[in-house]
Each structure stands twice: as structure tokens, then as C-alpha cells.
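Participant: Can you keep this structure in mind? I'll have questions shortly.
The values are calculated or read from the model by the stated rules, or taken from the named source; none is laboratory data. Note that this is a predicted model, so its numbers are computed, not measured. When we count neighbours, we look across all protein chains shown, and the Cβ atoms used for this are built from the backbone with ideal geometry, even at glycine. All accessible areas refer to the heavy atoms of the entire protein, side chains included, with ligands and DNA or RNA removed. Shrake-Rupley method; radii C 1.70, N 1.55, O 1.52, S 1.80 Å.
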Amino acid sequence: SAKCGACGPGYATPLDAMKGNKTSASTGPREEIVYVPCIYRNTGIEKPDYLATVDVDPKSPHYCQVIHRLPMPHLKDELHHSGWNACSSCFGDAAKKRNRLILPSLISSRVYVVDVGTDMRAPRIHKVVEPVELFKTGNVANPHTSHCLGTGEILISCLGDPSGNGKGGFVLLDGETFEVKGNWEKGDKFPPLGYDFWYQPRHNVLMSTEWGVPKVLADGFNPADVEEGHYGRRINVWDWSSHTYIQAIDLGKGSVPLEIRFLHNPAAAEGFVGCALSGEVHRFYKTEKGDWAAEKVIEVPRKKVQGWLLPDMPGLITDILISLDDRFLYFSNWLHGDIRQYDISDTRSPKLVGQVFLGGSIVQGGPVTVVEDKELQHQPEPFVIKGKRVPGGPQMIQLSLDGKRLYVTSSLYSAWDKQFYPDLVKAGSVMLQIDVDTERGGLKVNENFLVDFGKEPDGPALAHEIRYPGGDCTSDIWL
């Protein structure tokens, strides 16, 4: 049929999402607004974090402007990543609507449920899940990634326990009341650390990653903590149907695997994980035996430097995503300052096809001198757009459904922003947009697009993850 009124949220397949249509192959509508959490913790501004609605429609008179701000009711939450009450995993269920954005707070452990259905351009708070609910019902804290499940429930990964120790646990929220139902995991085995996750029911698996011990990373990064084992090194494998922890894939000490992405095709038994500190991307895959393994497929060489925290500077791969057709992989090097595009038609041998520098720690004229570089002949020039020299480096990324526009923000986490890019905290972060060549590969900055969060009404803010109202490459999972 031409209409799909009974389909529920999302799209039937990733390729349908790419075409933007629930039923036909026509090119769908482009994104017009995006939601971006903005953080004031660690900036010296005593204001609550807020959810910004940004107009990204080139035909709009408010293009590149924040058109709405929803302040949270508390200070110092550290809003971070967000997810949905329902997504493409609920496709086919007409009773489900994608009308609530789930906003976990990394530091306060609150979970905000935001109503984006009543007025998409002016979200409002629907419910606040207080930290004590996570502590009491799940013995977890520091919630990070949320994904909706096909059951209508919401699954949230956590970094630690209520005392600030590491603990790779999960909580389930009821999809109607948003009350904490308890832990997702069963049994007495769980990983020492938690962070991001992705699930794939066709292969009966959930994969989670590890950042670090919450009380250790809360106020900044100390290299000695890596040596002492306070940072992550494993992909953790869970049995989807029994909810039990069954395998750890060790990627090496000091790897710190963060964002994990299966290929979007739900039949595919492989994906990629970006390792922040080692600067490696690993492909994980199901073996012939039926367990899981990983192999390094990309490595960003460290640069020998003077005038920085360490003599060797990692790229610091902080965000990673895959286009909906599973053809391109993108990631950001927050310290080196570049975003890269790889052709992953051959998943075992990604090919670099696009790269663009957007600031970073090694720009010319800055405090850091590069003394040995395996990739570049010269230190990159500072990045200037619309007359503004952009502080910090590229961090969170989000790709348009059709794969042609990549949006970028520059804040990682307020305590680390303050440590590595003090100018970013003073000047506020930015949102940029990169045009993507989806035929041959290639990245080019859109010189007409700048959202400057340094000019916010309450002072410079730190903008983090980007979400589209209808779902995107990093929030939707297909079953």
C-alpha cells in the first residue's frame, strides 16, 4: 500500500530509512530540526543543562539557530547521550509512537523523559526518574546509552554502582510509565566496567563496551589510571535471550573501546568499535564456532609531540558511526582534530576515502609542537568558519539518513573539555555540517553552516550528541 498508517515508529529496513519512506523507494524528507543536549557543568556557569532544538533547514529564516531551549530542573546533571521510547525495533506495532526522548544524566544519574510528541519544536519534560530509583532498584549509577527494545521497554547501560565504582550493568524502564523495572542482566556475572551497547536479536547477542571507573574519570584524565586498570579494554558479549554475560573480547590494555556499532543490516553478524586511547578501530564478528572475535582493521598513528600531557598524542577516537547502507564508516579524532570517512564495502579492509580537519590539539600556532608525524607533512592550520576560530576538536557525529550530510559537535565531556581544551569551555562549542560525497567518498565543510553555542543567552555552553526527531544512524536498531 502507499500509506503505512499502521506501521508504528521508524522504518521497515535500514534502506527504507535511507530513502526516507516507510513504503516506497522515493527520496524522503531531509532533517529540519535536531536535538542537542547542552552542558553547563564545569563551565563556571551555575545554570542547568538544557536540551536545544536547532533549526537545520536551509530554507528556514532560523537556519543554524537554536529555536528552543528546555532547561532541566537541576544543576550539574551532565546530560550526555539520548535515545528513544520507541524506534525501528518497534516497526509494525501501530500502538507505539516515537514521542519521548530519553535523556540519561552521566553524573547525577537522573533520567529525564522528554515529550517531543506534543510539540516537536518545543519539547517539554514528561517525567524525571530520580537517581535513587536506579540505585535502589538496579544498584547501578551513571547511566549512558539508551536503546528502545522491540518489547516497548527501554534499556539503559550504566558505568558504575551508586558508590562510583565500575560496574557494567543495565536498567530497564517501562515503556509506558518510565518506571525502573530492575536490571536487564541476570546471574551474578557482569563486566567490571560499562559504557555503550548495541543488540542484535537475530544473532542472540548484545555487545557492550567499557570507558572507565566513574569516580576516577569524573574530574579529568590521569594517564596513571590507565596503568592501574581503571580504564576499559574489552568488548563484553551477552546472550540476548538469557540476559547473561558470556564472553569478553580483550582489545588490549589502554585501548578504551567506546562507541560500538553493528552493521545496520540485521542479518549481518559483524560491526565496528572505536578505541579512544589506542586509536584503533576493531571489526568484531561471529566465528564459525558461534562465539565472537575481533580484529584490528584501522589504526591512527600517535604523533610525537612537545608541550602536551604526554610525549605521544593519540588521535582519541571518540565517536564512530556507519551509514545506513553499511557502505561508509565515519569517526572523529578529538585530539588530532580530524574526521575520517572509510569505504567498508570490504569490512576487513576499510579504505580511507575522506578526511577533513576541524581544529584539534596540533594546529599551527598552538602550544603543541609535533616532532614526528607518520601521516602529515605539516601541522594543520587552525579551523576558521564565518570569521570564528573554532576551539576544541570534532567529537560527536551524526549522519543524515540519506548519508549526504554529517553533523559534528565539539564537546566530549565537561571535565575533559576543561582539561584538554580550556578555550572550548570559555568560548563554547560549535555544531558544524560536512557535505559527504556518497559516490566516490570525500568530505567538505559546509562554509554556510555554523551553530555557535558560545553565544547562548546564559553564556557559552558545551553541545554534545545530535538526534533527529525521526530517528538516525546511531539510535535505530532493526530486528
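Participant: Among Thr209, Asn139, Leu79, whose Cα lies farthest out toward the positive end of the dipole of the stretch 34-463, if unit charges sit on the beta carbon of Lys, Arg (+1) and Asp, Glu (-1)?
Facilitator: Final value for the positive-end residue is Leu79.
Participant: In square angstrom, what is the accessible area per residue of the stretch 336-479 with a 1.4 angstrom probe?
Facilitator: Normalised by residue count, the accessible surface of the stretch 336-479 is 37 Å².
Participant: Further question: So if I take the centroid of the Cα atoms in the stretch 117-168 and the same for the stretch 285-358, what is the distance between those two points in Å?
Facilitator: Rounded to whole Å, the Cα centres lie 29 Å apart.
Participant: Sticking with this one: Scale the Cα Rg of the stretch 129-195 by the rule-of-thumb value 2.2 N^0.38 Å and send over the ratio, two decimals.
Facilitator: Ratio of Cα Rg to 2.2 N^0.38 Å: 1.01.
Participant: Considering only C-alpha atoms, what is the centroid distance from the stretch 66-109 to the stretch 371-390, in Å?
Facilitator: 35
Participant: Which order do the peptides 135-141, 55-61 take when ranked by the mean count of other beta-carbon atoms within 10 Å per residue, highest first?
Facilitator: Packing proxy ranking, top to bottom: 135-141, 55-61.
Participant: Which residue, Leu424, Gln377, Trp292, has the largest displacement toward the positive end of the dipole of the chain when charges sit on each Cβ (Lys, Arg +1; Asp, Glu -1)?
Facilitator: Positive-end residue among those listed: Leu424.
Participant: Follow-up. Sum -39500 (n - 2.57) across every DSSP H segment of at least 4 residues in the chain, then divide by the residue count to get the 222 nm mean residue ellipticity, nearest 500.
Facilitator: Helix contribution divided over all residues of the chain: -1500 deg cm²/dmol.
Participant: Can you give the accessible area per residue of the stretch 75-210, in Å², using a 1.4 Å probe?
Facilitator: Here the residues of the stretch 75-210 average 33 Å² of exposed surface.
Participant: Would you be so kind as to identify which of Ser60, Trp238, Leu309 lies farthest towards the positive end of the dipole of the stretch 34-463, taking Lys and Arg as +1 and Asp and Glu as -1 on Cβ and the Cα centre as origin?
Facilitator: Ser60
Participant: What's the magnitude of the charge dipole for the chain around its Cα centre, counting Lys and Arg as +1 and Asp and Glu as -1 at the beta-carbon? Answer in Debye, nearest 20.
Facilitator: With Lys and Arg at +1 and Asp and Glu at -1, about 500 debye.
Participant: Here's something else I'd like to know. Using all alpha carbons of the chain, what is the percent of pairwise distances in each 10 Å bin, ordered from the shortest bin to the longest?
Facilitator: Result returned by the calculation: 4, 21, 34, 29, 10, 1, 0.
Participant: log₁₀ I(q)/I(0) of the stretch 293-379 at q = 0.17 Å⁻¹, via Debye over equal Cα point scatterers, no solvent, to two decimals?
Facilitator: The Cα Debye sum returns log10 ratios of -0.73.
Participant: For a 26 Å ceiling on Cα separation, which of these pairs sit above it: Lys351/Lys444; Lys303/Lys351; Lys76/Lys186; Lys388/Lys418; Lys47/Lys404; Lys76/Lys253?
Facilitator: Lys76/Lys186; Lys47/Lys404; Lys76/Lys253
Participant: Per 0.36 nm of contour for each residue apart, how much would the distance between Leu75 and Ile45 grow if the chain were fully extended, relative to their Cα-Cα spacing?
Facilitator: The Leu75-Ile45 span can extend by a further 9.8 nm.
Participant: Is any residue of the stretch 335-367 close enough, with backbone N under 18 Å, to a label point placed 7 angstrom from the Cα of Leu15 along the Cα-Cβ axis, and if so, which?
Facilitator: Within reach of a label on Leu15, which here means backbone N under 18 Å from a point 7 Å along Cα→Cβ, the stretch 335-367 contributes 344-347.
Participant: Residues of the stretch 421-455 with the amide nitrogen closer than 17 Å to a label point 7 Å from the Cα of Lys404, along Cα-to-Cβ, please.
Facilitator: 433-449
Participant: If you roll a 1.4 Å probe over the chain with all protein chains in place, what percent of the accessible area is carbon or sulfur?
Facilitator: Within the chain, the accessible surface is 49 percent carbon and sulfur.
Participant: Still on this structure, I have one more. For the ranges 126-132, 212-218, 396-402, what's the packing order if you count other beta-carbon atoms within 10 Å of each residue, average per peptide, and put the highest first?
Facilitator: 396-402, 212-218, 126-132
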